[in-house]
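The next block holds one structure in the form of structure tokens; read it before the comments.
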Amino acid sequence: MAKTVSLQVSQRAGIGRTALKAVRKAGRVPGVLYGKAKDKTVRSRPIEIDARKLAALLQSSTSENVLVDVELTDPSGKKVDQHLALLLDVQHHPIKDYIIHIDLHEIAQDEILHAEVPVASIGEPVGVKTGGGLLETMLRNIRVACLPRNLPELITVDVSHLEIGHSVHVRELILPEGVTVTNPPELPVFSVFAPKEEVVETPSAEVVQPEVIMEKKVDEAAPAPGAKGGKADAKAGGKPDAKAAAKPEGKK
């Protein structure tokens with residue numbers, strides 16, 4: 001069950017970007033308190049909260065779904081009224097991660113509320129311990145409907161019995177008394193998958209290009225190998241040329 005904490009908030013006089021900067025500079029967090037007026041219309045009141053007290057409240061909670069006993073005061077510190085509210089929306093600075101805005105929604109003790117509750121696993125699955133499987137969280141939060149006094153802060157799920165290929169579904173969740181889940185019952189919450197096999201890439205065979213033999217162009221002006229009268233033939237022991245053979249003996 002979600003715990004109820006007390007929180008003092010003050011009515012915020014100024015609105016707009018300049019007023020919000022001034023509130024944050026003073027170490028306070030701007031916000032809005034939503035509620036229903038007597039004519040059933042939704043009303044909203046600008047508020048501001050001490051930043052350190054709000055941060056301490058959230059750090060002590062498992063989730064941001066916190067039931068708050070709100071004591072509303074005017075800017076001078078005088079008590080105006082008191083409400084039970086649910087802290088539903090907390091906005092953080094995208095870089096520095098401090099709280100920049102909150103929304104509180106007034107609720108009645110006898111009114112069914114709808115909220116998201118975080119889910120956590122307990123135990124080590126059999127498929128992980130003995131089969132080397134991997135536990136995957138498929139749903140980190142579930143949607144519930146209940147009275148404020150029955151709102152759980154956290155839903156725990158025993159996953160120690162899960163083998164590879166098995167899951168815990170929404171319909172199998174064990175919920176506190178008076179709490180119902182509005183998610184589809186067939187959705188898996190936790191699943192154990194087989195370990196992923198590492199794919200080893202085998203080097204592809206090198207493509208061998210066929211050898212291309214270029215035909216040598218024969219020079220028509222040059223004598224063919226072995227032809228008579230070639231100087232190369234004479235030097236290599238071939239027959240002497242015709243002029244040398246016709247020269248008379250004795251003449252130099």
Check: Residues Val119, Val128: which one is surrounded by 18 or more Cβ atoms within 10 Å (Cβ to Cβ), modelled with pLDDT of 90 or more and in a strand (DSSP E or B)?
Finding: Val119
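In region 124-156, what count of residues is obtained for those that are of a type outside the set (A, V, I, L, M, F, W, C), in contact with a Gly (Cβ under 9 Å, 6 or more places away or on another chain) and closer than 28 Å to Glu177 by Cα? Lay out the reasoning, then the answer.
Taking region 124-156 and keeping what is of a type outside the set (A, V, I, L, M, F, W, C), we get 124-125, 127, 129-133, 136-137, 140-141, 143, 148-150, 152-153, 156.
Next cut, in contact with a Gly (Cβ under 9 Å, 6 or more places away or on another chain) only: 125, 127, 133, 149-150.
Of the ones still in play, those that are also closer than 28 Å to Glu177 by Cα are 125, 149-150.
Of the residues in region 124-156, 3 are of a type outside the set (A, V, I, L, M, F, W, C), in contact with a Gly (Cβ under 9 Å, 6 or more places away or on another chain) and closer than 28 Å to Glu177 by Cα.
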Note to self: Among the residues that make up region 65-78, is at least one of them touching a residue at least 24 places away in the same chain (Cβ under 8 Å), open to solvent by 80 Å² or more (accessible area, probe 1.4 Å) and under 20 Å from Leu173 (Cα atoms)?
What the structure shows: no
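In region 131-181, how many residues are hydrophobic (A, V, I, L, M, F, W, C), part of a strand (DSSP E or B) and within 23 Å of Ile112 (Cβ to Cβ)?
Quick first cut of region 131-181, residues hydrophobic (A, V, I, L, M, F, W, C) only: 134-135, 138-139, 142, 144-147, 151, 154-155, 157, 159, 162, 164, 168, 170, 173-175, 179, 181.
Still in the list and also part of a strand (DSSP E or B): 134-135, 142, 144-146, 155, 157, 168, 181.
Filter again for within 23 Å of Ile112 (Cβ to Cβ), leaving 142, 144-146, 155, 181.
Result for region 131-181: 6.
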Margin query: For the structure I just gave you, tell me whether Glu111 is closer than 23 Å to Asp158 by Cβ, open to solvent by 70 Å² or more (accessible area, probe 1.4 Å) and outside any helix (DSSP H, G or I).
Written below: no
Notebook entry, point to check: In region 131-144, what count of residues is obtained for those that are open to solvent by 30 Å² or more (accessible area, probe 1.4 Å) and more than 13 Å from Ser167 (Cα to Cα)?
Noted result: 5
Margin query: With surrounded by fewer than 14 Cβ atoms within 10 Å (Cβ to Cβ) and over 32 Å from the mean Cα position of the chain (by Cα) as the only criterion, which of Asp97, Asp81 stands out?
Written below: Asp81
Next item on the list: For region 145-189, name all the residues that are aliphatic (A, V, I, L, M), closer than 18 Å to Thr4 by Cα and open to solvent by less than 50 Å² (accessible area, probe 1.4 Å).
Entry: Ala145, Leu147, Leu151, Ile155, Val179
Check: Just for region 16-54: of the residues that are farther than 15 Å from His83 by Cα and assigned to a loop (DSSP other than H, G, I, E, B), which one is modelled with the lowest pLDDT?
Finding: Asp39
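The values are calculated or read from the model by the stated rules, or taken from the named source; none is laboratory data. The structure presented is a predicted model; accordingly, all values stated were derived computationally and were not measured. Positions of Cβ are generated from backbone atoms using ideal geometry, with glycine treated the same way; all protein chains shown enter the neighbour counts. We work out accessible area using only protein heavy atoms, side chains counted, and drop any ligands, DNA or RNA first. Shrake-Rupley method; radii C 1.70, N 1.55, O 1.52, S 1.80 Å.
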